[in-house]
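The values are calculated or read from the model by the stated rules, or taken from the named source; none is laboratory data. Small disclaimer: the values here were computed from a predicted structure and weren't measured. A quick note on method: Cβ atoms are made from the backbone with ideal geometry, for glycine too, and the neighbour counts reach across all protein chains shown. Ligands, DNA and RNA are stripped out before the accessible areas are found, and what is left, the full protein with its side chains, is counted by its heavy atoms. Shrake-Rupley method; radii C 1.70, N 1.55, O 1.52, S 1.80 Å.
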Amino acid sequence: MTATGKGSKDRRVLTLAAEVAETKDRNVPILLLDLQEIVDSVPVGSKEATRIKNEIWTYDLLQVLILVLKQDFDRVRGGWGTATKLANLLSHCCTGLDPPDSQEFYQLSLPEAVENQLMLSRKIQTKYLKTDENMTNMRRDLLDHFRGVLEAVTYLFSGHVFLTTNVLKSQWLLQLLITDDVDTALSCMTLILNCTRVNRDVFSTLSERLVNSILDELVYKLSASTNMDIGSATTRILLTICDTNPPMVEQICIRYRGLRPLLSKWTGKGFGKDLKQLILLLESGSAHRAKMERLHRAATTIQAMWRSFQTRNQLKKADRAFAKLQRSFRVKRERTQKERENEQLQSELEHQLLLARRKAIRESRLKQLELLSIMPAAKSQKYLESVQENAALKIQTSWKGHRARKQLTERQANMKRVRAAVAIQRKFRHWSARRERKKREPLAFQRPPGLTDERRVEIQQHITRWREDHPTKCKTRAQQEEIHNKAQELIQRNQMLNRVTRKKHLEREALLAMIETDCDLLLNATSLKDVTEKDIDVFSSKSVPIATKARLNHQHELRLLRQPWYRKLGDEFKETEYEGEEELF
């Protein structure tokens, strides 16, 4: 913020202080509301906000704010809403303020501010209780103002923790608490609960008489009230007091012995967890025993849950085992029944087949007897012999079929062995042929043809004579070494590629020999009219793939002869490329 902005705020605070000093008491609250705009114009917690609060303290505006809260706001414009705004403004101005004369601020101003805020809340509560219930809007506004003032008190002691003691010591707190109205009583109990949360040791700083007064009113509300919210808030406050001050548990148990039976009426009202803890504290008589009892119950609950978990798992396993046993028993019983039924069906089928066979034999024999009775006596013997021959033939056929089927597996195994032997022999021949081809290949260290020892000596002498005749064109020693190294690299590269070169050379020689042989055959061939079977054998091949390829080429040439001339252009003008054409020459 610039210096101009800071000066304008300083002047506004100074002007406001002067106006307050000159204005009548009734209009002072309205003027003090302008401080809210000044406070809101700076970020909360910033250095500028601290400076503004210090100026408010310096110009005694904070003391005026504290004193203004004692007025009767029925006669002030804005009514009790203005009072609520001033209470909130006072809390915001006091929070984060640390003036130079801090002793007066902490010991006088802050306690007086809390006291006046509680007094203001008591006035609003009295106004609220005296208002007719038919005036719903006015009662709702007063209740909102009451809660706003108590929130301002909470905000104030949240910034200054030591004020919680002043809040609980105030005479207005008990007057706020001693009421039969549910809404205001709940707000007041929320204030007490916030005090215990902000300062856990606040009840230990109070006198026994004051603590007993607060507890008396809380226990009275817990025993006499029937409102669920009142019961829940009271139970929560008592638990908080007992948790923060364990010695007070024994005091509560001794002072309020009849409280335990009265708590049974709150069972099932929606705050059972807090109610069980409070009952446990009252039954134990001390915080330590209650803690041990709670731990014992927790351990018992954990053990019970664990045992129930184990039992459920065992029952589930037993159910699965029984289900599996029943399922396997049913499956076995069904399988046994099916086997028994199949055996019965098989036995019935065999019996039916036996009966059918006997019937067929009986019928065939009856037919034979009828035939024999009709047949002449001279032919009966011949007929019986033919029947015996047919029966023997059927027996032999059945036996041969049985023996052939029995030998079929052996034949199949022999065929597999024969095929495997053939495949192994074929692979071995291919492997042997590859080895023979590799053996016939020239060795890498052999020199190519054309460079003999005499030729190599002749070339070396020629190089020496040239160096002697041209000494000026010779290189320096470093250049000669470089040339020598390059020559060595070229020689090594030539040695590495020598095998490939020799292989290509042999292929070229074989190709030239084949061409020469074909040329000799064509030149020495006889004319077609003088061809004999011997000449045909010379030009024919016994290799099936070669003969097939030749037949296909012959058919292709015959097909080309029957086609038009323009069909032959593609083959006639097509350039033929030979691999290694340069090497042929």
Divide by every residue of the chain the summed helix terms, -39500 (n - 2.57) for each DSSP H run of at least 4, and state the resulting mean residue ellipticity at 222 nm, rounded to the nearest 500 deg cm²/dmol.
-26000 deg cm²/dmol
Sequence neighbours fewer than 8 away in the same chain don't count; with that in mind, list the lysines whose C-alpha is under 29 Å from residue 549.
427, 438, 503, 504, 529, 534, 568, 574
Under a 1.4 angstrom probe, counting protein chains only, how are 135, 189 ranked by accessible area, largest first?
135, 189
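Can you tell me the length gained on complete extension of the stretch residue 137 to residue 404, counting 0.36 nm per residue apart and subtracting the Cα distance?
84.6 nm
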Let me see the pair-distance distribution of the chain: every alpha carbon pair, 20 Å bin width, integer percents in order.
11, 19, 11, 7, 10, 23, 16, 3, 0
Tell me, what % of the accessible area of the chain is carbon and sulfur with a 1.4 angstrom probe?
55 percent
Give me the lysines in straight-line cross-link reach of residue 273: C-alpha distance below 29 Å, same-chain residues under 8 apart excluded.
221, 265, 291
For peptides 374-385, 52-63, sequence by mean Cβ density within 10 Å, most packed first:
52-63, 374-385
Sorted by packing (mean other beta-carbon atoms within 10 Å per residue), highest first, where do 299-305, 147-153 land?
147-153, 299-305
For the range 11-206, just list the percent of Cα-Cα distances falling in each 5 Å bin from zero outward, please.
1, 8, 16, 19, 19, 16, 11, 6, 3, 0, 0
